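Notes follow once the structure below has been shown.
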């Protein structure tokens with residue numbers, strides 16, 4: 001009986017492996033490794049996201065018919081666990097450093113925002129500092145911004161509604177309007193996968209802010225940049241661009257990550 005069961009499992013595993021095809025998708029910083037169903041072309045089976053330089057695994061999970069299924073693990077920079085999310089139960093399985101922090105954030109009440117004590121702030125379901133680390137790579141200022149070589153800050157905001165959706169993106173203030181579209185496009189991938197803020201155990205609409213500090217440096221030895229302390233409703237991204245900028249000519253524009 002035991003031999004028959006093992007044989008059946010072997011045949012089943014072999015058939016599944018024959019119907020799946022391994023794929024790799026490379027970005028500037030991360031590489032995705034996953035399998036797809038040869039017939040449906042949808043993601044099916046294991047999924048890994050790995051740092052191309054560090055070789056650290058930042059995301060581990062599985063797909064079923066193109067949808068995230070089961071328990072996914074999201075890591076921090078030291079390759080240790082940041083959070084585990086169960087997509088079947090739609091909930092975090094462990095206490096993360098931000099999950100149960102009681103903090104005061106902007107909560108929508110009667111059509112306006114009021115600083116309110118929450119059970120926990122809104123949390124993005126991803127590896128630690130994923131939004132900040134992604135924006136460092138994705139935001140590519142237009143050549144004219146490099147030519148001007150003027151540093152400054154852009155403050156954006158958005159709501160996280162009760163369903164865990166990021167909506168109503170807005171540029172609160174911008175020192176250079178030429179950056180606005182680039183920033184909006186870079187934030188678009190983060191419209192979903194949020195856990196809403198909770199007040200007395202109930203999901204509420206809250207407001208999140210992303211502050212982007214742009215620093216254009218012509219002297220490669222000058223790497224000073226303003227530092228901000230992140231709060232539960234504020235994501236700070238310091239972007240430093242190294243290079244020599246001359247009038248009407250862009251010499252270099254490399255990212256310092």
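The values are calculated or read from the model by the stated rules, or taken from the named source; none is laboratory data. In this text, all values refer to a predicted model and were calculated from it rather than measured experimentally. As a convention, Cβ positions derive from the backbone with ideal geometry for all residues, glycine included, and neighbour counts pool all protein chains shown.
Residues are listed down the side, and each one gets a yes or a no for (1) in the same structural domain as residue 83 (by TED's automatic domain parsing); (2) outside any loop (DSSP other than H, G, I, E, B); (3) surrounded by 15 or more Cβ atoms within 10 Å (Cβ to Cβ):
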position	(1), (2), (3)
146	no, yes, yes
155	no, yes, yes
158	no, yes, yes
163	no, no, no
169	no, yes, yes
172	no, yes, no
179	no, yes, yes
182	no, yes, yes
185	no, yes, no
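Being surrounded by fewer than 17 Cβ atoms within 10 Å (Cβ to Cβ) and more than 18 Å from the chain's Cα centre (by Cα) is the filter here; which residues of segment 33-52 pass it?
Across segment 33-52, the qualifying residues are 38, 39, 40, 41, 42, 46.
Quick check on this structure: which one of 128, 191 is within 12 Å of the chain's Cα centre (by Cα) and within 19 Å of residue 29 (Cβ to Cβ)?
Just one listed residue meets the conditions, 128.
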